[in-house]
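S.K.: Just passing along the structure, written as structure tokens.
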Amino acid sequence: MITLYSYPELFGVADNNPYGLKIFAFLRLCRIPFDHRHILEVSGAPRAQLPYIDDGGTQVGDSDEIIAYLIHKYGLSIDASLTPAQQQTDVMLRRTLDDLYWVMSYSRWQDDQFWPSFRDVFLRAHPEIAKTSLEAARQHNFKRYYFQGVGRYEPGAVYGRGLADLRAIASLMPETGYVFGPGPCSADASIYGFFANIYFYETETPLKIYAAACPRLTRHCLAVHAAISSNF
Ligand SMILES: N[C@@H](CCC(=O)N[C@@H](CS)C(=O)NCC(=O)O)C(=O)O
């Protein structure tokens, strides 16, 4: 049995971290049974980052490596129909989502305008987590944002970057079906992991305002959300 280790759920999605939600969605789209453990401690994870999986004693970290491992190990056909051009678009898409991650995370943890709301929602949903632990995580994230670079920009410039990422992703999205055709592929799990963590978030950050007004992305998000929530 595969075990997925990832961060806690929030606002109706299975992980408040986009990389973990991406793997959750991928496993569900592929109908692979798994046990889901929500943790905060990263020291036991490969490269000390979440998510990771344990598959009968084999531990794999990094969401893209996990997907590649599962496709290979279980002969999954989810991406089999992608053209070579779509495969390369998928790489660029995942890199754009990596960029969006920093903006989304910044909006929750660093921006003083939105931090109190994120903190309160998180503590309400997870009363077992101490306020001091969350404050310590915030200080840790300040360092991450500074060294990545996003922490050195004014909020307007940060959000400008995230909105450009969202616009680029929206431009790929067809009016019907999934990103590369009528059926879902791993790229849909990737988009869902990040977009759902913006769209279902209650606070009106610039990313959330854009997301809620983007019918192509919201339609896609709700379609994946329904697909991974039913029949399990
Ligand atoms: N490339 C990794 C990124 C995962 C990642 O960035 N995880 C972060 C949180 S979003 C983490 O666990 N950080 C722990 C830490 O910085 O201490 C993936 O695709 O899974």
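S.K.: Condition first: within 12 Å of ILE23 (Cβ to Cβ) and within 12 Å of the ligand (Cβ to nearest atom). Can you find one or more residues in region 43-51 that meet it?
M.R.: yes
S.K.: Taking the criterion of being in contact (Cβ under 8 Å) with a residue 12 or more places away in the chain, among the basic types (Lys, Arg) and within 16 Å of the ligand (Cβ to nearest atom), would at least one residue in region 73-81 satisfy it?
M.R.: No, region 73-81 contains no residue that is in contact (Cβ under 8 Å) with a residue 12 or more places away in the chain, among the basic types (Lys, Arg) and within 16 Å of the ligand (Cβ to nearest atom).
S.K.: For residues that are surrounded by 15 or more Cβ atoms within 10 Å (Cβ to Cβ) and closer than 20 Å to ARG161 by Cβ, scanning just region 128-147, find the one that is nearest to the ligand (Cβ to nearest atom).
M.R.: Ranking the candidates gives ARG144 first.
S.K.: List the helices (runs of 4 or more DSSP H) that sit entirely inside region 119-232 and contain at least 1 residues that are of a type in the set (S, T, N, Q). Spell out how you get there, then give the answer.
M.R.: Working: elements: 131-148, 155-172, 186-199, 206-212, 215-229.
Of the helices (runs of 4 or more DSSP H) lying wholly inside region 119-232, those with at least 1 residues that are of a type in the set (S, T, N, Q) span 131-148, 155-172, 186-199, 215-229.
S.K.: Just the residues that are acidic (Asp, Glu), closer than 17 Å to SER105 by Cβ and crowded, with 17+ Cβ neighbours inside 10 Å, please, taken from region 163-204.
M.R.: Answer for region 163-204, where residues must be acidic (Asp, Glu), closer than 17 Å to SER105 by Cβ and crowded, with 17+ Cβ neighbours inside 10 Å: just ASP165.
S.K.: Check region 101-122 and report whether any residue there is away from the ligand (no atom under 16 Å from the Cβ), in contact (Cβ under 8 Å) with a residue 24 or more places away in the chain, touching a helix residue (DSSP H, G or I) at 6+ places or on another chain (Cβ under 7 Å) and farther than 24 Å from ILE228 by Cβ.
M.R.: Within region 101-122, one or more residues are away from the ligand (no atom under 16 Å from the Cβ), in contact (Cβ under 8 Å) with a residue 24 or more places away in the chain, touching a helix residue (DSSP H, G or I) at 6+ places or on another chain (Cβ under 7 Å) and farther than 24 Å from ILE228 by Cβ.
S.K.: How about region 1-40: which of its residues are within 13 Å of the ligand (Cβ to nearest atom) and small (Gly, Ala, Ser)?
M.R.: SER6, GLY20
S.K.: Somewhere in region 89-99, is a residue at pLDDT 95 or above, out of contact with any Phe, Trp or Tyr (no Cβ under 9 Å at 6 or more places or on another chain) and more than 14 Å from the ligand (Cβ to nearest atom)?
M.R.: Yes.
The values are calculated or read from the model by the stated rules, or taken from the named source; none is laboratory data. All values reported here derive from a predicted model rather than from experimental measurement. Virtual Cβ from ideal backbone geometry, glycine too; neighbours counted across all protein chains shown.
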